[in-house]
Amino acid sequence: MKVPIENRKWNWLDTFLFFVRTFWIYFNASMVIEVNTDDTKKWLFFLWFIAIYLVPYLFYRPGFIKFPYYLVAEVLLTGSLFLLLMNQFGESDIYDFLYLPFITIAYACQRKPLVWIGPLIGLALFFSGAWQGGLFTFENNIFGEFINICIFYGFGFSLGRVTVLNNKMKVLIESIKEKNRTLEQYSKRIEELTIMEERNRVSQDLHDTVGHIFTSVITSLDALPYLIKANKVEVEMSIIEISDMARKGLDDVRNTIHQLSPMEDHQPLSVSFHSVIDDFRKHTGTKVDFTIEGVEQGMGERIKFTLIRCLQESLTNAKRHGEASHVTARLFFQEESVMFQLQDNGIGSNELTPGFGLVSMNDRLSALHGTFKIHSKANQGTKITCTIPLVKKEIRTI
């Protein structure tokens, strides 16, 4: 993760170097001013040290860090004073004046191109000072001073790397915390959507099951007054059938609550369709023609369950709302899809408004990338078409 150095905050190392640099300025200013007897030079050096102390920190302070500008100010002010002192005194001890500036310069030069510019500037200052002081002789330990300068520069660079790595770690930790907060919000949202989807699923299942059963029960009960006058034995049989149908409906509701299909698990879709249609014929007296085209192939239980619910809802609507006496149901097994159609001879409607049942059918089919179509016209019945695509099985050849 690339983190711009200028974006980091002022940390404890910055504060530490600030106080060390303050002490360094005070110590060196005291010594330089003390060895000069000329008052003009004393004031000149005093103002020079004030500038060295204040100007670089205009670009390197809490809330504002611009290391390139800081580097320019530090090199121009401190470097020029170093060269002046070297020219005036010409002693190798003057190199001590560069130890702390080299630490801060190396500390600041942590990214390209400063990471290469910093050492070059250091070398330039070192050799320029040696040339100004005339130290290129065997009597002066110039090599030892060079080693000292490299050590202090390396120390400053190491402190800078620690600061950069700590800053990257802080940014990474904050990024992880932010992502964790986002994941928590996402998890809560998924949980809410899951609960909502499950609630809708249960309500749809209950609507389909209860509506189908009650339609059959009500139709059978409506026929009882006529049967009582005609044949009491048949009435008793009808009451028993109605009771059995109500018990079956209760079982279906329980299965729905327990997230179980009302049909037998792994039962072929055609068998389940025959079972639902036979019950509907028996308890409503509605004529239902059912045909199957194509060869039934393997499909998921969810697809079967959805088509069974579509059949139940379509039959219920045909009887309850369409007042149909004849229904034609077709089941098409195709290579890439399975399609169910139901046509009734009910009253139909030119302006059909989908209710909860039809909306639930559409939602179920959409969840499986299926399609739902309904066509209705007054006095010409209603036609419902449900299509669900099937996943192609890969054929492996050896």
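The values are calculated or read from the model by the stated rules, or taken from the named source; none is laboratory data. A quick note: this is a predicted structure, and the numbers were derived from the prediction, not measured. Every residue, glycine as well, gets a Cβ built from its backbone with ideal geometry; the counts of neighbours run over all protein chains shown. Side chains included, ligands, DNA and RNA excluded: accessible areas come from the protein's heavy atoms. Shrake-Rupley method; radii C 1.70, N 1.55, O 1.52, S 1.80 Å.
Structure notes:
- Filter result for Ala329 (part of a loop (DSSP other than H, G, I, E, B) and farther than 18 Å from Ile213 by Cβ): no
- Residue within segment 309-331 that is open to solvent by 20 Å² or more (accessible area, probe 1.4 Å), under 43 Å from the mean Cα position of the chain (by Cα), at negative phi and at pLDDT below 90 present: yes
- One residue from Glu184, Glu174, Glu178 being open to solvent by 40 Å² or more (accessible area, probe 1.4 Å), modelled with pLDDT under 80 and of a type in the set (Asp, Glu): Glu184
- Complete set of residues in segment 9-28 that are surrounded by fewer than 14 Cβ atoms within 10 Å (Cβ to Cβ) and either assigned to a helix (DSSP H, G or I) or touching a Phe, Trp or Tyr at 6+ places or on another chain (Cβ under 7 Å) (or both): Trp12, Thr15, Phe16, Phe19, Val20, Thr22, Phe23, Tyr26, Phe27
- Helices (runs of 4 or more DSSP H) wholly inside segment 33-126 containing at least 2 residues that are touching a helix residue (DSSP H, G or I) at 6+ places or on another chain (Cβ under 7 Å), over 21 Å from Arg161 (Cβ atoms) and open to solvent by less than 40 Å² (accessible area, probe 1.4 Å): 39-54, 67-89
- The residues of segment 377-386 that are of a type in the set (S, T, N, Q) and either touching a residue at least 40 places away in the same chain (Cβ under 8 Å) or buried (at least 19 other Cβ atoms within 10 Å of the Cβ) (or both), listed by number, are Thr382, Thr385.
- Residue within segment 154-161 that is among the polar types (S, T, N, Q), without any contact (Cβ under 8 Å) to a residue 60 or more places away in the chain and loosely packed, with under 15 Cβ neighbours inside 10 Å present: yes
- Residues that are over 16 Å from Phe146 (Cβ atoms) and at pLDDT 85 or above, drawn from segment 86-100: Leu100
- Cβ-Cβ distances below 7 Å connect the following pairs, each with a first residue in segment 45-65 that is modelled with pLDDT of 85 or more, a second residue that is open to solvent by 60 Å² or more (accessible area, probe 1.4 Å) and assigned to a loop (DSSP other than H, G, I, E, B), and a separation of six or more residues or different chains: Phe59/Lys66.
- Selection count where residues are assigned to a strand (DSSP E or B), of a type in the set (D, E, K, R) and open to solvent by less than 40 Å² (accessible area, probe 1.4 Å), scope segment 332-374: 1
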